[in-house]
Every structure is written in C-alpha cells, then in structure tokens.
RNA sequence: GGAUGGGUUCCCGAGCGGCCAAAGGGAGCGGACUGUAAAUCCGUUGUCACAGACUACGAUGGUUCGAAUCCAUCCCCAUCCA
C-alpha cells in the first residue's frame, strides 16, 4: 500500500518558475497551489460543509488551541475524530496553537519544556508542550498536523528571534518523536523572523529533520509586504523541492499571487471569511464594501462573471440591505463569494502554471488592482 | 372641566442658571480586517467664510452680566379624576 501522505510535483511554469503539484492524503488529493479556508472551531464560520463543497474547498483548517479548550480534544476523539465530528470528509489541517498561545494568551511563561498560558475564555491555567500538542492533534486526527512552534512577534530583535527559532527547532524534534499516528502527516515550521540568515538556518535545520512538509511561520505578522516577499525569496532556495511549502496565515489575493510566484504551495487566511461576515467582498478589481450607500440601488451582481451562488442569484442592493439589517444571510452569501472567489483564483493560477503563462497571469491581475490585502504594519 | 407628569439635536434619552452645539444609546455616513477571543472594531454625525461666528433645547414674552435650565401666558402630548 502506498504511503498515506505524499507530495507529487507536477509542473513548473516555464515563464515564472511557479509550480503545481498534488498532495495525496487519506481523505483525498489536493491540487497545489491551494488556498485553505480557516475553520478554527470545527466550523468554517457561516458555512455548512455543503456550502464548502459548493465553492470547491478541498482542505480546511482546524485549530488545536481552540478545540482543546472547547469542546476538548477528547470529546472530538470520542465523536470519531474531527472529520466525523464536523461532517467534513475531505482533508483537514490542524494548526498547533502556537500562534494563539503566543499572540492572545498573553499571561504565559515560556520554558524549555513548554508554555504556561491562561485560557482566553475563563482564565484557567494550561500547559502546552510539544508532546501534549501532539497528543491533542492526534486525537483530532487531521490529515496534516503542525508542529508546536514559537511565533515571534513583529518587530523582534535578533536575539529574541534566535531564541524563539532555536526553541522551535528543539520542539520540532520533540514533536516528531512524539508523533506516531501514521495516517497523519506532521509539518515542521520554519521561523527566523525578518532575518535572512536565520530564515536560511531554520530551513536547513528543519530540512535535516525530514518532515513531509513545511510551514513558513512568523510572516504576515505586521511587517511590510515587501519584507515578507524578500524573506520568501531568501528562504525558498533552501527549502526541499519535493516537499510542500505552506505559508501560514496568508493571504489576500495579491499575496497569494506573490507567494505562488516565489514557490509557495499552500496558504490559509481568515480574511476571506472574516471580511465576508463584515460586509467586504474580494473582487478582481479590488475590495468592495457592500454597506456603502452607493449600492443602495445597484441591482447588478456582486461580481460580473463570478460563478458563485451569491453572484449568480443576488444583487449588490440586496446584499447591502442584508448587511444594513444585520441579517445572517448577508454573512453567509459574502463568505461564500469570498471563498469561491479565492478558490477559483487558485484554480486559474494552477491552470496558468500548467500552461506556462503564470507570469503574465499574475502581473495582469496585480496591475488591474486585484484586492491588495491588508496594509502594512498593524497591531 | 379638574389633577399630575412631560415637550431637548434624524430617533430614544440625560442635562435643570455659566465648564452646553448639549452625556449615553440607536440610526446614518465612512474606514479597517492576513496560522479567527471579530456576524467585530474604529472614526464621524447643526450650519458656515470652521483656533471664530451663526442657528438651535414646543411658541411668545420676561428675569439675569449670562437661560435648554428661573417666571408668565399660550399650544401640544400622556396618565388619572369628573
């Protein structure tokens, strides 16, 4: 029997060097480059699994930190694993919770052994170690699990970044040792902040550990986009070519194109779903705020030519009305559009790569002002 | 007909002699959103020639250096009594 998880490279675009491939997982194949909708709490907010199939989502995310706190990974395991619990039969990737522990549970002590943090829900104390996180992720049973890493904030000085990165490496080793489930792939996570040499060092160290895939963490944490692109360029030559590369937490349509140009295979981002719930639509010509008064009598579809359920059946005026009235359907329809928009974009991206014209494809979309994503430094 | 309580900026509603263009909420308008503590958050909301002036707190008249705030009359509204 074949390996439960393999990555097969398919084509390298002669024009841009971007690549397509296929990830084989126990719950089906994933064509890359891929965008993964985020379903933190065992649900992609506002979407039913049927909706997700409708927009042709292929793999979605779940979150270790959140599912551990509620409902508890043991309950998910009792339910038959995350797939059965949420009734999603295609692939799932679980994030390790490293990002959450370091970004929102602020009262934490970082030890070599693990991290002590307080729940954002009730303030209760919890301790995560690489081993305990592996236990949780194996209970959840996603197709792909992520190592427990330390995501340094932006900006961080060199020494802090080194400490976080080296700890991430040691934890990666421990995660690997503790991970035994054979129907689940465990990805390592490259760190190194905004320091080119550290990024390279991190890539090399993790490559030696031989993971079936690699996350690129610690980017898109508030730095200017140009710096993120530079880091990707510096890093990529040191990432194994025969393994999938997952740029964590990215992105907006422009970042997806820029990431693919630099060799990224997998992306995830909350923007599509969150913005959808808040009344913002992604389109090839940029962002649209459906609440704006100018759409009051605009009876045209959200985006001409879009094949999503929302665009095929409803007008901008109707969407504006739903958002003004805070009707749930508005959030559902826009989330649907934003996901379909992004997944269709990735379908087009793969086709363009396979036809050796991805360079032109990306340039054209970027020039015509495809949604240019969140700005620079936030927080 | 009598008694009592009220009439405040688009709406609700605080203020009860100067610090009031007037709290707070809603609505309106605009902005933000990148490994989801987000169906959330932020800004703004009388007019203008805008560090100032003007018009505004049911109406009119008055007291006062000064009134949304005090007095008089009137007009409405609510509840209760006949």
Original post:
If you stretched the chain out fully between residue A:229 and residue A:304, how much longer would it get, using 0.36 nm times the residue separation minus the C-alpha to C-alpha distance?
Top reply: 23.9 nm
Subject >> Cα centroid of the stretch A:183-251 to Cα centroid of the stretch A:3-49, whole Å >> reply: 17
Original post:
Between the stretch A:114-151 and the stretch A:52-85, what is the C-alpha centre distance in whole Å?
Top reply: 14
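How would you order A:6-18, A:36-48, A:189-201 from highest to lowest mean count of nearby Cβ atoms within 10 Å?
Result, highest mean first: A:189-201, A:36-48, A:6-18.
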Subject >> Per-peptide average of other Cβ atoms within 10 Å, ordering A:322-328, A:145-151, A:23-29, A:248-254 highest first >> reply: A:145-151, A:248-254, A:23-29, A:322-328
Subject >> With Cα atoms, 0 to 90° folded angle of helix A:358-367 axis to chain A main axis >> reply: 60
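Dividing the convex hull volume of the Cα atoms of the stretch A:1-77 by its residue count, what figure in Å³ per residue is obtained?
Enclosed volume per residue, from the Cα hull, is 139 Å³.
Averaging over all projection directions, find the projected area of the Cα convex hull of the stretch A:194-320 and quote it in nm² with one decimal place. Could the numbers behind the result be given before it?
Working: hull surface 37.1 nm².
Computed as one quarter of the Cα hull surface, the answer is 9.3 nm².
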Original post:
What is the Cα radius of gyration of the stretch A:1-157 over 2.2 N^0.38 Å, N being its residue count?
Top reply: 1.15
Subject >> Three-way shape call for the stretch A:251-335 based on the alpha-carbon gyration tensor, with the a/c threshold at 1.5 >> reply: prolate
Subject >> For the stretch A:128-266, alpha-carbon Rg relative to the globular expectation (2.2 N^0.38 Å, N residues) >> reply: 0.99
Subject >> Structure-based [θ]222 nm, chain A - -39500 (n - 2.57) summed over DSSP H runs of at least 4, per residue, nearest 500 >> reply: -12000 deg cm²/dmol
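Going by the alpha-carbon gyration tensor, a ≥ b ≥ c the square roots of its eigenvalues, is the stretch A:34-79 rounded (a/c under 1.5) or, if a/c is not under 1.5, prolate (a/b greater than b/c) versus oblate?
Prolate is the answer for the stretch A:34-79, as a/c is 1.5 or above and a/b outweighs b/c.
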Original post:
Which whole-number percent gives the relative contact order of the stretch A:180-245, counting Cα pairs below 8 Å spaced six or more residues apart?
Top reply: 38
**OP:** May I ask you to derive the relative contact order of chain A, considering only C-alpha pairs under 8 Å and at least 6 residues apart, and to give it as an integer percent?
**Re:** 19
**OP:** Output the relative contact order of the stretch A:212-299, whole-number percent, from Cα pairs under 8 angstrom with separation of 6+ residues.
**Re:** 24
Subject >> Antiparallel bridge percentage (DSSP; both residues within chain A; nearest 5) >> reply: 50
Original post:
Points 7 angstrom from Cα along the Cβ direction at residue A:24 and residue A:110: gap in nanometres?
Top reply: 3.9
Original post:
Taking the mean number of other Cβ atoms within 10 Å as a proxy for protection, how do you rank A:69-77, A:265-273 from highest to lowest?
Top reply: A:265-273, A:69-77
**OP:** Jot down the per residue volume, in cubic angstrom and as a whole number, of the convex hull over the alpha-carbon atoms of chain A.
**Re:** 136
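Every number here is computed from the coordinates shown, using simple stated rules; none is lab data. Small disclaimer: the values here were computed from a predicted structure and weren't measured. Every residue, glycine as well, gets a Cβ built from its backbone with ideal geometry; the counts of neighbours run over all protein chains shown.
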